[in-house]
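A.B. asks: I'd like to ask some things about the structure below.
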Amino acid sequence: MSTIIDGKALSLSLKEQMKGRIADLEKQYGRKPCLAVIIVGDNPASRSYVRGKIKAAEFTGMDSRLIELPEYVKEFELLDVIAGLNADKAVDGILVQLPLPHHIDEDVVIDSIAKEKDVDGFHPMNVANLWLGRKCIVPCTPKGIIAMIESTGVEIKGKKAVVIGRSNIVGKPVAKLLLDRNATVTIAHSRTQDLAKVASEADILVAAVGRPKMVTADMIKPGAVVIDVGINRIMVPGPDGTEVSKLVGDVDFDAASEVAGYITPVPGGVGPMTITMLMENTIECFLNRQ
Ligand code: GUN
């Protein structure tokens with residue numbers, strides 16, 4: 001049986017510590033860090049994530065602004081809003097919730113965020129600096145994953161790490177962070193031959209593919225640290241015979257937890273840590289701007 005890495009509890013204790021830090025920062029600098037979050041349209045999952053981000057900001061005591069724009073907003077109108085926040089001295093962090101509607105070019109939007117306020121770490125300058133090993137804003141989900149692995153006490157140095165998924169938001173940056181900590185890193189993906197064999201050699205396995213329960217117990221090395229980044233909504237039979245929706249990860253949790261040494265649950269694993277790292281990045285941007 002594996003030990004569960006409780007992302008919710010870890011997040012709570014980090015956010016409690018931030019409360020004190022933010023109160024101190026206000027005394028020292030005369031204002032609190034401020035996070036601005038922009039959401040375009042009514043995607044229910046995006047709305048729920050954004051609510052979580054604003055709630056976390058309120059919990060820590062930092063200032064926050066929520067800017068809600070309609071689905072049909074023009075790209076130039078969104079860029080105008082971002083330009084206003086870039087110029088606003090009271091705003092430290094700017095996050096545009098992705099995905100954006102198809103008529104808006106995400107790259108143009110990301111490029112328009114001042115790199116000093118890019119709390120997501122998605123701006124090309126931040127990505128370049130991450131890969132060059134220079135000071136940068138580290139993307140929230142990968143940063144949270146590393147914190148969760150480190151919370152187990154398992155040393156990353158010298159270990160075989162396999163990341164399944166090669167997205168710009170998770171797969172690629174988390175692979176770089178593991179490499180920085182001297183893991184031997186493989187980035188696997190949908191075209192990897194014999195994925196089960198590759199995965200089963202991992203001491204640290206990060207699943208970030210967005211396919212419900214695709215990582216099965218046979219793909220896990222006994223004792224491995226398993227980090228499940230997936231947030232998939234599936235329909236399952238409910239108590240009265242009707243279908244109900246359930247949140248599951250990319251890992252078949254029940255079977256995997258019989259094999260893994262440490263495992264993150266879904267929900268309550270990577271999700272809360274991503275939000276907590278966003279709070280940390282906002283504080284970091286605030287301090288960089290002083
Ligand atoms: N959509 C899914 N994950 C993220 C994230 O980490 N940041 C932003 N801005 N949008 C997302």
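A.B. asks: Going through R47, R31, R51 one at a time, which residue ends up being away from the ligand (no atom under 16 Å from the Cβ), of a type outside the set (A, V, I, L, M, F, W, C) and exposed (fewer than 15 other Cβ atoms within 10 Å of the Cβ)?
C.D. replies: Just a single option satisfies the conditions, and that option is R31.
A.B. asks: Could you say which residue among D228, D240 is within 16 Å of the ligand (Cβ to nearest atom), without any contact (Cβ under 8 Å) to a residue 60 or more places away in the chain and among the charged types (D, E, K, R)?
C.D. replies: Result: D228 is the single residue among D228, D240 that is within 16 Å of the ligand (Cβ to nearest atom), without any contact (Cβ under 8 Å) to a residue 60 or more places away in the chain and among the charged types (D, E, K, R).
A.B. asks: Here's another thing I want to ask about it. Could you say whether any residue in region 2-23 is in a strand (DSSP E or B), of a type in the set (A, V, I, L, M, F, W, C) and within 18 Å of I94 (Cβ to Cβ)?
C.D. replies: No, the conditions are met nowhere in region 2-23.
A.B. asks: Identify the residue in region 93-108 that is more than 10 Å from the ligand (Cβ to nearest atom) and aliphatic (A, V, I, L, M) and, among all such residues, is nearest to T141 (Cα to Cα). Break it down into steps so the answer makes sense when it comes.
C.D. replies: Quick first cut of region 93-108, residues more than 10 Å from the ligand (Cβ to nearest atom) only: 93, 101-105, 107-108.
Subset that is aliphatic (A, V, I, L, M): 104, 108.
Values: I104: 24, V108: 22 Å.
This residue is V108.
A.B. asks: Would you check which residues across region 111-142 are surrounded by fewer than 22 Cβ atoms within 10 Å (Cβ to Cβ) and part of a helix (DSSP H, G or I) and list them?
C.D. replies: Within region 111-142, D111, S112, K115, E116, P124, M125, V127, A128, N129, L130, W131, L132 meet the criteria.
A.B. asks: Residue pairs, Cβ under 8 Å, 6 or more apart or interchain, first in region 82-110 and under 26 Å from Y29 (Cβ atoms), second away from the ligand (no atom under 16 Å from the Cβ) and in a loop (DSSP other than H, G, I, E, B). List them.
C.D. replies: A90/R31; D92/P33; D92/R289; G93/P33
A.B. asks: Quick check on I145: is it crowded, with 21+ Cβ neighbours inside 10 Å, outside any loop (DSSP other than H, G, I, E, B), touching a residue at least 24 places away in the same chain (Cβ under 8 Å) and out of contact with any helix residue (DSSP H, G or I) (no Cβ under 6 Å at 6 or more places or on another chain)?
C.D. replies: no
So that you can scan it fast, the table gives a plain yes or no per residue for (1) surrounded by 16 or more Cβ atoms within 10 Å (Cβ to Cβ); (2) within 15 Å of the ligand (Cβ to nearest atom); (3) at pLDDT below 95; (4) closer than 30 Å to R65 by Cβ:
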| position | (1), (2), (3), (4) |
| --- | --- |
| N182 | no, no, no, no |
| T186 | yes, no, no, no |
| P212 | yes, no, no, no |
| K221 | yes, no, no, no |
| V266 | yes, yes, no, yes |
| N288 | no, no, no, yes |
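A.B. asks: Out of everything in region 109-122 that is more than 17 Å from V174 (Cβ to Cβ) and of a type outside the set (A, V, I, L, M, F, W, C), what residue ends up being nearest to the ligand (Cβ to nearest atom)?
C.D. replies: D118
A.B. asks: Give region 123-154 a look and list any residue that's in contact with a Ser or Thr (Cβ under 9 Å, 6 or more places away or on another chain) and away from the ligand (no atom under 16 Å from the Cβ), or say none.
C.D. replies: T152
A.B. asks: Could you list all residues from region 268-286 that are more than 16 Å from the ligand (Cβ to nearest atom) and part of a helix (DSSP H, G or I)?
C.D. replies: Taking region 268-286 as the starting set, the residues that turn out to be more than 16 Å from the ligand (Cβ to nearest atom) are 268, 283, 286.
Within region 268-286, I283, F286 qualify.
The values are calculated or read from the model by the stated rules, or taken from the named source; none is laboratory data. If you're wondering where the values come from, they're calculated on a predicted model, not measured in any experiment. Counting neighbours? That spans all protein chains shown, and the Cβs are built from the backbone with ideal geometry, glycine included.
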